[in-house]
Amino acid sequence: MSDGTPLPSLAHTASANTLVGTAYVNLRRDIIQGKHPPGSRLRVEHLKDDYGVGAGTLREALALLVSDALVIAQGQRGFHVTPISLEDFRDITENRVLLETEALRQSIAVGDDTWESAVLAAFHRLSKAEQRLAADPEARFEEWEQRNREFHRELISACPSRWMHHFLGILYQQAERYRRLTVTRKPIARDLQDEHQGILDATLARDADRACALLAAHIRLTYDAVAQLPADLFTSA
């Protein structure tokens, strides 16, 4: 198993038990869920009461979200939610395909029995979450997102490159807003469990070419789904 940085659930988990960290977690959740739409202004004087913190604390939380690229600081114009666009998601998607398939190829080459066991366990948890997701996508998205993240993390966890893990963590996190839209709105028909099963089977068979091809198709299919969403969901960059 690699000691590289895994795909993170949050960029700043170390601060999660502080006032700033709590505000950060809650703001991030509301941005991902669309409560604060892409491109909208985040007015500190209004939001501080909604999140139960002072203006200074809220600004610190917003600064963390700026470093996550989920919020833009625009000088005298204040803070705004980072816009989303098809062009942006295509860039995220293609870079993720490039790096994640290489990380999977390296994991297949060097992964041991412990790695295989971790991949299998993550797949089992994801399969259970996907069954619940089908019944209520809105209510079950957070659970599914966590299990999906864990499965993708374990697939590449034997890759020895710390920097590859770091950059993939950033790309995975940046895709979350787009991923939520496709899972909750279902713009195209797809069987996520079958897609993940295929990737798992090829990985455990040590068929690197097939596993990487299936992983690339899986990631790109989310872009195809986003491309079918109504144009008014997107904001200009």
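The values are calculated or read from the model by the stated rules, or taken from the named source; none is laboratory data. Computed from a predicted model, the values in this text were never measured in an experiment. Don't worry about glycine lacking a Cβ; one is built from the backbone with ideal geometry, like all the others, and counts go over all protein chains shown. Heavy atoms of the whole protein, side chains included, go into the accessibility calculation; ligands, DNA and RNA do not. Shrake-Rupley method; radii C 1.70, N 1.55, O 1.52, S 1.80 Å.
In table form, for the structure just shown:
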{"read-out": "So Leu99, is it in a helix (DSSP H, G or I), aliphatic (A, V, I, L, M) and surrounded by fewer than 16 Cβ atoms within 10 Å (Cβ to Cβ)", "value": "no"}
{"read-out": "In the range 198-237, residue farthest from Gln131 (Cα to Cα) [restricted to those that are open to solvent by less than 70 Å² (accessible area, probe 1.4 Å) and among the polar types (S, T, N, Q)]", "value": "Thr235"}
{"read-out": "Boolean, Glu145 is acidic (Asp, Glu), within 19 Å of Asn95 (Cα to Cα), in the same structural domain as Val119 (by the TED database) and open to solvent by less than 20 Å² (accessible area, probe 1.4 Å)", "value": "no"}
{"read-out": "Enumeration of residues in the range 137-168 that are among the small types (Gly, Ala, Ser) and modelled with pLDDT of 95 or more", "value": "Ser157, Ala158, Ser161"}
{"read-out": "Qualifying residue in the range 155-178 (condition: basic (Lys, Arg), over 18 Å from Ala225 (Cβ atoms) and more than 16 Å from the chain's Cα centre (by Cα))", "value": "yes"}
{"read-out": "Qualifying positions in the range 24-57 - among the small types (Gly, Ala, Ser) and part of a helix (DSSP H, G or I)", "value": "Ala55, Gly56"}
{"read-out": "Residues (part of a helix (DSSP H, G or I) and open to solvent by less than 30 Å² (accessible area, probe 1.4 Å)) located in the range 58-91", "value": "Leu58, Ala61, Leu62, Leu65, Phe89"}
{"read-out": "Search result, residues across the range 127-142 that are over 16 Å from Ala175 (Cα atoms), open to solvent by less than 30 Å² (accessible area, probe 1.4 Å) and within 17 Å of the chain's Cα centre (by Cα)", "value": "Ala129, Glu130, Leu133, Pro137"}
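For every residue, the table says whether it meets (1) assigned by the TED database to the domain that holds Phe123; (2) free of Cβ contacts under 8 Å to residues at least 24 places away in the same chain; (3) among the aliphatic types (A, V, I, L, M); (4) over 26 Å from Lys35 (Cα atoms).
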| residue | (1), (2), (3), (4) |
| --- | --- |
| Ser157 | yes, no, no, yes |
| Ser161 | yes, no, no, yes |
| Arg180 | yes, no, no, no |
| Ile199 | yes, no, yes, yes |
| Arg206 | yes, no, no, yes |
| Ile219 | yes, no, yes, no |
